[in-house]
Amino acid sequence: MENKITRRDAIGKIAATVAIAAVAPGALAQSQNSNTNKANAKELTDPRNKYPKPPFNKQSQPFPGLAGKMTPVPDHGEKSYVGSGRLEGRKALITGGDSGIGRAAAIAYAREGADVAINYLPAEEEDAKQVIELIKKEGRKGIAIPGDIRSEAFCKQLVSQAVQQLGGLDILINNAGHQKANESILDLSSDDFDWTMKTNIYAPFWITKAALPHMKPGSSIIGLSSIQAYDPSADLYDYAQTKAATTNYVKSLAKQLGPKGIRVNGVAPGPVWTPLQVSGGQTQENLEKFGGDTPLGRPGQPVELASIFVQLAADNASFATGQIYGATGGKGQP
Ligand code: NAD
Ligand code: MG
């Protein structure tokens, strides 16, 4: 009895279907599409198991370290990042674009259609070469400008070379950074303190100053803050200060440049598997368990942050400015 469809029910159902089709002619096509999409649907991935977890092998490289020499080698999206034209024709300068988070951004930007200039230290030529090759493989301009950003004169030169070779500049990622763990403030020399300040605070100041006159409304600046800005580690006294300062410069500059149509945002990563961590950034003891205390139980890989940099620079993020985007794997509060 329950399964029997009465004539009245059947007519009612047909009428309802016709009514839906009449009101929303796209509805049927949409349901057909969703069937086709099902065939192409990708498997869900469990974020806990997607990438390596601690314990990691103890390993140490002299500063600044090479991504290619890490075990395991980080994933910067070389094989995995797929673009969709979100930054077509953009011209980007990325400091520290040879490895780690900057490299992931550089690869993603090229695959989204941008020409990319990267800066790095001469000792990182091996990593940088690979990035330039990957950018060029996308048919985009890949420009390598090695040099030490602790020098104001070099920072000015870096921007003018990037502008000249890219033919303009509309995205700047102040990504390069220096981190060296010191157990005690008593171990921290003035030279070391100065090194961290010059790289993490002065260089973005000098580079941004040089870049601004070239940036038109619609351009975008992105700074690299950190979970350290909110929850500083005992052994990162100097570094943590620079990341708090970065959060603040992003917010100040966003207010200053909003009226000029230039957006300024920041990214605040938690533990990410990069050369910075194996070349003095962490003690060996912390490196072994690196990222294990996040809710996902592992550090992030650089590629997992790439889409954030794409989103912050893309035209459809036009209302995003003065924001700090957390990428901590669930720990820390931007
Ligand atoms: P990374 O070592 O791959 O990148 C840092 C880059 O900075 C180097 O490749 C190097 O080219 C550049 N650099 C350092 N000193 C320089 C100098 N004097 N002149 C020119 N270039 C210099 O490491 P990463 O982790 O990808 O670091 C990128 C940014 O992310 C940094 O600002 C770092 O503070 C920030 N960050 C990293 C983490 C993390 O867990 N890896 C967490 C929070 C924030
Ligand atoms: Mg590097």
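The values are calculated or read from the model by the stated rules, or taken from the named source; none is laboratory data. Treat the numbers as computed from the prediction; the structure is a model and nothing was measured. Positions of Cβ are generated from backbone atoms using ideal geometry, with glycine treated the same way; all protein chains shown enter the neighbour counts. Accessible surface is based on the protein model in full, side chains and every heavy atom, while ligands, DNA and RNA are left aside. Shrake-Rupley method; radii C 1.70, N 1.55, O 1.52, S 1.80 Å.
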Quiz item: With the other protein chains left in place, how much accessible area per residue, in square angstrom, belongs to the stretch 67-327 at a 1.4 angstrom probe?
Solution: 41
Quiz item: Structure shown: which of LYS198/LYS251; LYS79/LYS209; LYS216/LYS251; LYS156/LYS216; LYS69/LYS136 lie over 29 Å apart, alpha-carbon to alpha-carbon?
Solution: LYS79/LYS209
Quiz item: Using the scaling law 2.2 N^0.38 Å as the reference, what is the normalised Cα Rg of the stretch 51-120?
Solution: 1.26
Quiz item: Carbon and sulfur together cover what percent of the accessible area of the chain at a 1.4 Å probe radius?
Solution: 54
Quiz item: Which whole-angstrom value gives the distance between the alpha carbon centres of the stretch 91-160 and the stretch 210-259?
Solution: 20
Quiz item: In what order, largest first, do LYS50, LYS79 sit by accessible area if the probe radius is 1.4 Å?
Solution: LYS79, LYS50
Quiz prompt | Candidate residues ASP148, ASP238: accessible-area rank, largest first, probe 1.4 Å | solution = ASP148, ASP238
Quiz item: Quick one: putting +1 on the C-beta of Lys and Arg, -1 on the C-beta of Asp and Glu, what dipole do you get for the stretch 142-229 around its Cα centre, in Debye to the nearest 20?
Solution: 440
Exercise. Order ARG140, ARG150, ARG263, most accessible first, counting only protein heavy atoms with a 1.4 angstrom probe.
Key: ARG150, ARG140, ARG263
Quiz item: Any idea how far apart GLN333 and THR283 come out in nm if each label point goes 7 Å out from Cα toward Cβ?
Solution: 2.7
Exercise. Run the quick spin-label model on ALA234 and GLU133: label points 7 Å from Cα toward the beta carbon, then report their separation in nm to one decimal.
Key: 4.4
Quiz item: Most fluctuating residue of LYS260, LYS243, LYS42 in a GNM of the chain with Cα springs under 10 Å: which is it?
Solution: LYS42
Quiz item: With springs only between Cα atoms under 10 Å, which of ASP231, ASP187, ASP127 fluctuates most in a Gaussian network model of the chain?
Solution: ASP187
Quiz prompt | For the stretch 165-178, 3J(HN,Hα) per residue [Karplus equation, 6.51 cos²θ - 1.76 cosθ + 1.60, θ = phi - 60°, Hz, x = Gly/Pro] | solution = 7, 7, x, x, 8, 10, 9, 10, 10, 7, 9, 4, x, 10
Quiz item: How far is helix 125-137 tilted, in degrees, relative to the longest principal axis of the Cα atoms in the chain, given as a value from 0 to 90 rounded to the nearest 10?
Solution: 30
Exercise. Quickly work out the THR45-to-SER160 label distance, labels modelled 7 Å from Cα along the C-beta direction, and quote it in nm with one decimal.
Key: 4.4
Quiz prompt | Where only alpha carbons of the chain are counted, the Rg and the Dmax (Å) | solution = 23.7, 89
Exercise. With +1 on each Lys and Arg Cβ and -1 on each Asp and Glu Cβ, and nothing else charged, work out how big the dipole of the chain is about its Cα centre, in Debye to the nearest 20.
Key: 1520
Practice problem: Search the structure for amide H atoms under 5 Å from the amide H of GLY77, placed 1.01 Å from N in the peptide plane, and list their residues when 5 or more places away or on another chain. | Solution: VAL303
